[in-house]
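Peer 1: What follows is a structure written as structure tokens; I'll ask about it next.
The values are calculated or read from the model by the stated rules, or taken from the named source; none is laboratory data. Quick caveat: nothing in here was measured; it's all calculated off a predicted structure. For neighbour counting, all protein chains shown are included, and Cβ atoms are generated from backbone atoms with ideal geometry for every residue, glycine included. For the accessible areas, the whole protein counts, side chains as well, though only heavy atoms, and no ligand, DNA or RNA atoms are used. Shrake-Rupley method; radii C 1.70, N 1.55, O 1.52, S 1.80 Å.
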Amino acid sequence: MPMPNVSKIKIRDLRLNDLLNHPLNKSAQVFLVGAGPGDPELLTLKAYKVIRAAEVVLYDRLVSPEILALIPDKAEKVYVGKARANHSVAQDTISQLLVDYANAGKITVRLKGGDPFIFGRGGEELELLAKNNIQFEVVPGITAASGCAAYSGIPLTHRDYSQSVRFITGHLKSGQVNLNWKELALDQQTLVFYMGLVGLDEISNQLIKFGRNASTPIAIVEKGTTPDQKVHISTLGEVNNLLASTDIHPPTLIIIGEVVCLHDKLAWK
Ligand code: SAH
């Protein structure tokens, strides 16, 4: 294969300052931005730029304090966080606030933990913006699954153990965990449960009932990528004992599958 002609790449174009000074999309009125899973250095450059340019920021509970500290002093900060089953600000109200701030001509940033399109209701909020002809841009973030996997040394796929990975919510609007257990119990796949701690008892029981081996390893990653990160390792069959004997603090991400056994060798943090 011919080598690319390196001399043709303008090194100057690759400089960080140039990237940071590159102007933002002027036509966007609202930026839906993923803040990543916790470690502030996992913020993207684009997210950083958008936050620094913000006039209003509506943010969630899971956005880390170090990232909130990047919001300019003169920008308005609006907390619209929701704890599980305790929606402090209703979803419709948040969407309406975005419309109102955008119509008032403010550079409006909707800042969410992780990636806004993965269990972040980003889609729901954008639908109302689209309906109101508000221009928006979406800035992806590192989702909890990627962050927690990397920082706990658990590759989500691995040619020896797992050919696919599924991101699943353990918490449904109805309050029940109602999933296709037969499919989820198949081998050679990694399951990642967001919001799964409360339902973990049922999740593990159902997976075993539908044929997944009780010795399948499971990791509960607590406060992933933050200085308080903890990784609890167990198996489907024994996780109930772990839950009964250990204090586990949210947010937590649950990884189930043979890849979890790599944590022993690959944990670096
Ligand atoms: N949009 C987010 C997910 C929002 S749902 C994302 O892409 O990451 C909230 C759930 O994400 C939490 O209940 C938890 O399961 C998971 N989560 C988010 N941040 C986490 C973290 N730092 N460590 C562990 N789990 C996390």
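Peer 1: Using a 7 Å offset from the Cα along the Cα-to-Cβ direction at both Q91 and Q135, what is the distance between the two label points in nm, to one decimal?
Peer 2: 2.8
Peer 1: Please name which of V30, V56, T44 has its Cα lying farthest along the dipole of segment 6-142 towards the positive end, using unit charges on Cβ (Lys, Arg +1; Asp, Glu -1) and the Cα centre as origin.
Peer 2: After comparing all options, I get T44.
Peer 1: Taking the solvent-accessible surface of protein heavy atoms with a 1.4 Å probe, what is the per residue accessible area of the chain in Å²?
Peer 2: Value returned for the chain: 54 Å² of accessible area per residue.
Peer 1: Taking a threshold of 27 Å on the Cα-Cα distance, which of the pairs K131/K182; K49/K223; K74/K112; K112/K265; K77/K223 fall above it?
Peer 2: Details: K131/K182 39 Å; K49/K223 25 Å; K74/K112 20 Å; K112/K265 32 Å; K77/K223 24 Å.
Beyond 27 Å between Cα atoms: K131/K182; K112/K265.
Peer 1: Quick one: net charge of D39's neighbours, Cβ under 14 Å, K/R +1, D/E -1?
Peer 2: Computed value for this residue: -1.
Peer 1: Over all distinct Cα pairs, what is the inverse of the mean 1/r for segment 6-142, reported as the Kirkwood hydrodynamic radius in Å?
Peer 2: Details: mean 1/r = 0.0649 Å⁻¹.
Radius from the Kirkwood sum: 15.4 Å.
Peer 1: Okay, next question. Roughly to the nearest percent, how much of the accessible area of the chain is carbon and sulfur, given a 1.4 Å probe?
Peer 2: Carbon plus sulfur share of accessible area: 53 percent.
Peer 1: Any idea what the dipole of the chain comes to, in debye rounded to 20, about its Cα centre with Lys/Arg Cβ at +1 and Asp/Glu Cβ at -1?
Peer 2: My answer is approximately 680 debye.
Peer 1: Enter the Cα centre distance for the pair segment 89-136 and segment 149-172, rounded to the nearest angstrom.
Peer 2: Taking the Cα centre of each part, segment 89-136 and segment 149-172 sit 29 Å apart.
Peer 1: 7 Å from Cα along Cα→Cβ at both K106 and S27: what's the point-to-point distance in nm?
Peer 2: 2.5
Peer 1: Moving on. Mind checking the dipole of segment 144-269: about its Cα centre, +1 per Lys or Arg Cβ, -1 per Asp or Glu Cβ, Debye to the nearest 20?
Peer 2: Its charge dipole is roughly 260 debye.
Peer 1: In addition: Once all Cα-Cα distances of the chain are split into 5 Å bins that start at 0, what whole-number percent is in each one?
Peer 2: Bin by bin from 0 Å, the calculated values are 1, 5, 12, 15, 15, 13, 12, 11, 8, 5, 3, 1, 0.
Peer 1: Right, another one. Go ahead and estimate [θ] at 222 nm for the chain from helices alone: -39,500 (n - 2.57) per DSSP H run with n ≥ 4, summed, over the residue count, rounded to 500.
Peer 2: Numbers: 10 runs with 75 residues, N = 269.
One gets -7000 deg cm²/dmol as the mean residue ellipticity at 222 nm.
Peer 1: Under the definition of Cα pairs under 8 Å and six or more residues apart, what whole-number percent is the relative contact order of the chain?
Peer 2: Reported relative contact order: 18 percent.
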